[in-house]
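This report refers to the structure that appears directly beneath it.
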Amino acid sequence: MDLSLNDTGATMKCPQLNRRPVAACKVLDGTYVPSEFQLQEYCKSKKHKKCPFYARLNAGKANNAI
C-alpha cells in the first residue's frame with residue numbers, strides 16, 4: 001500500500017502526512033491528527049506549505065542552517 005495516496009488514489013502533496021492508521025502529521029514532536037478542514041486545505045493540496053505546522057518546521061530548519 002502506498003502511504004502517499006489519499007482516499008481518491010491521488011498523490012498527497014504534503015510529505016509530512018502519514019496515513020497509518022489514520023491521517024497523522026509527523027511535523028510535531030508527537031502525533032498530530034489534522035482536522036478534516038486541514039487535510040483538505042493543506043495536506044492534500046499544493047497549499048501544504050501554507051500550513052502553520054509545516055511553516056514552523058521549515059523555519060526551524062532555516063535556523064539550524066545558520
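The values are calculated or read from the model by the stated rules, or taken from the named source; none is laboratory data. As the structure is a computational prediction, the values presented were derived from the model and not from experiment. Backbone-built Cβ (ideal geometry, glycine too); neighbour counts: all protein chains shown.
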(request) Give the residues of region 15-32 that are part of a loop (DSSP other than H, G, I, E, B) and not acidic (Asp, Glu), sorted by residue number. (result) Pro15, Gln16, Arg19, Arg20, Pro21, Val22, Ala23, Lys26, Val27, Leu28, Gly30, Thr31
(message) Suppose we keep only residues that are modelled with pLDDT under 85 and among the polar types (S, T, N, Q) within region 17-50. Which one would you say is surrounded by the fewest Cβ atoms within 10 Å (Cβ to Cβ)?
(response) Thr31
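Anything in region 31-59 that is charged (D, E, K, R) and out of contact with any Phe, Trp or Tyr (no Cβ under 7 Å at 6 or more places or on another chain)? List them, or say none.
Glu36, Glu41, Lys44, Lys46, Lys47, Lys49, Arg56
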